[in-house]
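The values are calculated or read from the model by the stated rules, or taken from the named source; none is laboratory data. This one's a predicted model, so the numbers in the text were calculated from it and none came from an experiment. Cβ sites come from the backbone with ideal geometry, for glycine too, and all protein chains shown count toward neighbours.
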Amino acid sequence: MRWVRAAPPSKLKRVGSNLVGAVASQVYSALTAGPYNLAGLTNLSVPYMSVEDANQWRIDNASHLKGVRLQFRRYTRWRDSWDHDHCAACWAKFAEFDGPDIQHEGYATCDDYRLGAYYEWICQTCFQDLKDDLQWTVAADPKSQV
């Protein structure tokens, strides 16, 4: 992670992610508001995140799945006592029930995974963003092989 001097959000360059801009805006607002107004300091630095840095936390979370085969499918519980699962990378929620931000489809581990088929889940966004870094491959849908 690199460090840059604090600047108003209007002076920050866009770095490929609205999330980075939003974080920078919140950091600047926090540093220049209230009783701890730090806007006048000349040596103030705040973190600058590249898109690669922004992905790193998800890569770290899902690193135990590096190189596994995944299959795109509708979410089903791994066992009856579970009512939901989470994306192994970003913790998005998978469930059979409806609700805000509930994922119903994603990429699940296959039967050759050490803990079994459908034990781990990856949301579609994380799969697209991290498939190359984590060397994921997509298994064919068994229903399409006739």
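Please specify each residue of the stretch 71-106 satisfying the condition of being of a type in the set (Val, Ile, Thr) and either under 20 Å from Asn61 (Cβ atoms) or in contact (Cβ under 8 Å) with a residue 60 or more places away in the chain (or both).
Matches in the stretch 71-106: Ile102 only.
So in the stretch 76-89, with the set limited to residues that are outside any strand (DSSP E or B) and under 18 Å from the mean Cα position of the chain (by Cα), which one is nearest to Gly116 (Cα to Cα)?
Ala88
Restricting the stretch 120-135 to residues that are of a type in the set (A, V, I, L, M, F, W, C) and assigned to a helix (DSSP H, G or I), which is nearest to Lys66 (Cα to Cα)?
That would be Leu130.
Yes/no per residue for (1) at pLDDT 95 or above; (2) under 23 Å from Asp141 (Cα atoms); (3) crowded, with 16+ Cβ neighbours inside 10 Å; (4) not assigned by TED's automatic domain parsing to the domain that holds Thr137:
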site: Gly40; (1), (2), (3), (4): no, no, no, yes
site: Ala54; (1), (2), (3), (4): no, no, yes, yes
site: Leu70; (1), (2), (3), (4): yes, yes, yes, no
site: Arg74; (1), (2), (3), (4): yes, yes, no, no
site: Arg77; (1), (2), (3), (4): no, yes, no, no
site: Ser81; (1), (2), (3), (4): no, no, no, no
site: Ala88; (1), (2), (3), (4): yes, yes, yes, no
site: Tyr118; (1), (2), (3), (4): no, yes, yes, no
